Amino acid sequence: MARESSKGKLLEAGFHLVHERGYGGTSVRDVVNAAGAAQGSFTNHFASKEKFGLDVLELYFDKIQSVIDQTLRNEKLPPLKRLKAYFDIHIAAIAGYDSKRGCMFGNTSAEATDDNEALRLRVVEMLDDVTASVEYCLKAALKAGELPKGTRTKDLAGYITSSFEGAILLSKAYRSVAPIERFERILLASIVKG
């Protein structure tokens, strides 16, 4: 039981460090110190820093999945309200960290994927899952008459995911959620059925 809680402490501490500093900017020593764990404990739980990075991504993805369940896949809300709620939850979270952390998918893609194929492939899978949830929401909006007939939901979902990631990256650079708010405002105004 102690081993598992030690692993949990390492993952939680590592999650916050990686989200704040990036994968490359977070050393094993940083993680161990932040977790208040013994130096050798890291290698007891993770075969490598890459394995640790993948586990941290999984922890982040679990948090994103929770947001998706509350919003994009929440059948109790009208579809475009789901989409807006998805953006708004992210905007509030990003604002809570003064727009310094961004999205772990985008951060990892920008700094760790050239040298680490396993991280790159896992980020792609996770982004594909997010895009599928956006498309699920858009299909519901199309069926409900909230989007124009003929809307290509798969293409629009891919566009939304990539544009949202770009807006988050800009918000990190500008230290402001304004780029994400602008993205949300223009996107929702442009896709709503005339």
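The values are calculated or read from the model by the stated rules, or taken from the named source; none is laboratory data. Note that this is a predicted model, so its numbers are computed, not measured. Cβ atoms come from the backbone with ideal geometry, glycine included; neighbour counts cover every protein chain shown.
The table for this structure:
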{"read-out": "Residue within region 122-142 that is without any contact (Cβ under 8 Å) to a residue 12 or more places away in the chain, surrounded by fewer than 19 Cβ atoms within 10 Å (Cβ to Cβ) and closer than 24 Å to L17 by Cβ present", "value": "yes"}
{"read-out": "Meets criteria (of a type outside the set (D, E, K, R), assigned by TED's automatic domain parsing to the domain that holds T153, part of a helix (DSSP H, G or I) and surrounded by 18 or more Cβ atoms within 10 Å (Cβ to Cβ)) for S6", "value": "no"}
{"read-out": "Near pairs, Cβ below 6 angstrom, 6+ apart or cross-chain, from region 58-84 (hydroxyl-bearing (S, T, Y)) to any residue that is crowded, with 19+ Cβ neighbours inside 10 Å", "value": "Y60/M104; T71/R82; T71/Y86"}
{"read-out": "Filtered residue count, region 21-44, keeping only those that are of a type outside the set (S, T, Y), closer than 16 Å to D55 by Cα and either surrounded by fewer than 17 Cβ atoms within 10 Å (Cβ to Cβ) or in contact (Cβ under 8 Å) with a residue 24 or more places away in the chain (or both)", "value": "6"}
{"read-out": "Any chance A110 is of a type in the set (G, A, S) and either crowded, with 20+ Cβ neighbours inside 10 Å or at pLDDT below 90 (or both)", "value": "yes"}
{"read-out": "Which listed residue, of S99, S66, is closer than 25 Å to I180 by Cα, in a helix (DSSP H, G or I) and hydroxyl-bearing (S, T, Y)", "value": "S66"}
{"read-out": "Residue within region 21-29 that is among the hydrophobic types (A, V, I, L, M, F, W, C) and not assigned by TED's automatic domain parsing to the domain that holds D114 present", "value": "yes"}
{"read-out": "Residue ID - farthest from L72 (Cα to Cα), chosen from residues in region 152-179 that are among the hydroxyl-bearing types (S, T, Y) and either touching a Ser or Thr at 6+ places or on another chain (Cβ under 9 Å) or surrounded by fewer than 16 Cβ atoms within 10 Å (Cβ to Cβ) (or both)", "value": "Y174"}
{"read-out": "Test set (1) at pLDDT below 90; (2) under 21 Å from the mean Cα position of the chain (by Cα) - L57 fails condition number", "value": "(1)"}
{"read-out": "Qualifying positions in region 72-110 - of a type in the set (A, V, I, L, M, F, W, C) and within 22 Å of E135 (Cβ to Cβ)", "value": "L72, L77, L80, L83, A85, F87, I89, I91, C103, M104, F105"}
